[in-house]
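Student: Here it is, the structure in full.
The values are calculated or read from the model by the stated rules, or taken from the named source; none is laboratory data. Only a predicted model underlies this, so the values are computations on that prediction, with no experimental measurement involved. Ideal geometry is used to build each Cβ from the backbone, glycine not excepted, and the neighbour counts take in all protein chains shown.
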Amino acid sequence: MEKLVFIVDDEPSISRLLSHWVKNQWGYKVEVFEHGADMLENLNRGPQLILLDIMLPDINGIEILKKVKAANPHLPVIMLSAQGSVEVALESLRLGAFDYFPKPIDQNRLGPAIKNALQNYELQKRVEELEKDIQKEFSFDNIISADNKMQSLFKMVTKVLNNDITVLINGESGTGKELIARAIHYNGSRKEEPFIVVNCASIPRELLESELFGHEKGAFTGAHQRKIGKFELAKTGTIFLDEIGEMEMSLQAKILRVIQQREFERVGGNEIIQTNARIISATNRDLQKAVEAKEFREDLYYRLSSFPIVIPPLRERKGDIVILIDHFIRHFNNKMGTDIKGVTKAAMKILYDYDWPGNVRELENTIERCVILSDSENIDVSQLPAHLASGDYTPNLNVSGEMFTENSPIIPFEKLKEEALRHAVKVTNGNIVEAAKKLKIGRATFYRLLEKYKIEVDRK
């Protein structure tokens, strides 16, 4: 699309010269105005750049600049003036002008300035489009659920969008804790500010403090230069502390100080740094039990859980399985260019009856795999993962709370251990800390069993 440049100057000789350069030499469409008021009336025609003389017969160029910036803050304006005053140039730039040129205008400088201004404007518009796409992606309307529990949760979450209360999201792995955190951020008053994610379980404990608060040069071996931490990067946005239940006690005390006093210091530094970042945290642990076990600070727990949110697992909202399957099929059809229509009744029964220990994430990964493998318009049993298609998966507990009944087949004990290990690795996406914790074994034992059964861990 041909870019439109407005030229506003009451001297015909200057207007003709500028028009010749812009149109004939640099290839842009041109509209010329002698009066500022006429140009302002035509702003809705969507110019990508304005060349604006400061001395006009009707309105001063500085006043016009203010009106343009009020109407469209990103629209670039290059100011032109015969006065050549430093004060005028500085005032123009302070008010948002892209550049300032004294007359007579240097053609060799103006050409690159116009090109840069137009490129910058295109970039700004693209950024705005991406921000709108992000806000749309993380709107509550885009979180798929028809379950009453989830609908009540969404209504509750809308109450905390525009305040600074700390939010603690609790739920099993794969339930969508980060999705809820992003929805809170991108639908609230901080949506224009950064959203910073820190996974407390995936960062080694000795590095997590530096990751959160940054460090000074020479603070420890390998600290060759200053590093800015996540709290500084978050500025006045949101910092999301995922798996906060894995944070060691000494670091918990520093997080408590950030919440209470809104300040911290870099590792190895003495400078007090203020922060206004909002804190949203998430965990799949029962932090109350962790407090009782002296594994989590009680004072920090109460600070973090000012507004607790509990996301129910997928097995407790079976009705969502069907609509999520349909959603993921459409999503992967668009992504891969496929045309899968749905799921056969036999495959749907298996998918519906399965317990989904990995929750929505596991379901999404399963449907992606099925869409890739399917050679027909409907996903059938043959495309399901082997442990689903064969029914060889850990069954739901029956009413009495027992895993096995009199009719259950007898499975060798070693096979049970191996399958439990493989399942834990898959469900946690290779998170060793989380998998070991769910199996209630130590990490050293977990690694030993991985080696024994030759299980490879693919960390995503």
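Student: Quick check on the range 85-92. Is at least one of its residues touching a strand residue (DSSP E or B) at 6+ places or on another chain (Cβ under 7 Å) and at pLDDT 90 or above?
Tutor: no
Student: Moving to a separate point now. Being loosely packed, with under 14 Cβ neighbours inside 10 Å, on the phi > 0 side of the Ramachandran plot and either in a helix (DSSP H, G or I) or in contact (Cβ under 8 Å) with a residue 40 or more places away in the chain (or both) is the filter here; which residues of the range 425-456 pass it?
Tutor: Within the range 425-456, none qualify.
Student: Let me spell it out: the conditions are (1) within 21 Å of Ser250 (Cα to Cα); (2) modelled with pLDDT of 90 or more; (3) buried (at least 18 other Cβ atoms within 10 Å of the Cβ), and Ala201 meets all of them except one. Which number is the exception?
Tutor: Failing condition for Ala201: (2).
Student: For the range 299-348, give me each residue that is touching a residue at least 40 places away in the same chain (Cβ under 8 Å) and of a type in the set (Lys, Arg).
Tutor: Arg303, Arg315, Arg317 - these are the residues of the range 299-348 that are touching a residue at least 40 places away in the same chain (Cβ under 8 Å) and of a type in the set (Lys, Arg).
Student: Please pick out the residue among Asn276, Asn270 that is among the polar types (S, T, N, Q), over 24 Å from the mean Cα position of the chain (by Cα) and farther than 18 Å from Glu248 by Cα.
Tutor: Of Asn276, Asn270, the one residue that is among the polar types (S, T, N, Q), over 24 Å from the mean Cα position of the chain (by Cα) and farther than 18 Å from Glu248 by Cα is Asn270.
Student: With Phe33, Phe101, Phe6 as the choices, which residue is closer than 19 Å to Lys125 by Cα, modelled with pLDDT of 90 or more and more than 35 Å from the chain's Cα centre (by Cα)?
Tutor: The conditions single out Phe6.
Student: Kindly indicate whether any position in the range 236-246 is within 16 Å of the chain's Cα centre (by Cα) and among the acidic types (Asp, Glu).
Tutor: Yes, the conditions are met somewhere in the range 236-246.
Student: Right, here's the next one. Confirm whether Ile311 is surrounded by 17 or more Cβ atoms within 10 Å (Cβ to Cβ) and touching a Lys or Arg at 6+ places or on another chain (Cβ under 8 Å).
Tutor: Considered against the rule, which asks whether it is surrounded by 17 or more Cβ atoms within 10 Å (Cβ to Cβ) and touching a Lys or Arg at 6+ places or on another chain (Cβ under 8 Å), Ile311 comes out as yes.
Student: Here's a follow-up. Against the conditions (1) surrounded by 14 or more Cβ atoms within 10 Å (Cβ to Cβ); (2) of a type in the set (Gly, Ala, Ser); (3) more than 17 Å from Ile114 (Cα to Cα); (4) out of contact with any Ser or Thr (no Cβ under 9 Å at 6 or more places or on another chain), where does Ala71 fall short? Just the number, please.
Tutor: Of the numbered conditions (1) surrounded by 14 or more Cβ atoms within 10 Å (Cβ to Cβ); (2) of a type in the set (Gly, Ala, Ser); (3) more than 17 Å from Ile114 (Cα to Cα); (4) out of contact with any Ser or Thr (no Cβ under 9 Å at 6 or more places or on another chain), the odd one out for Ala71 is (1).
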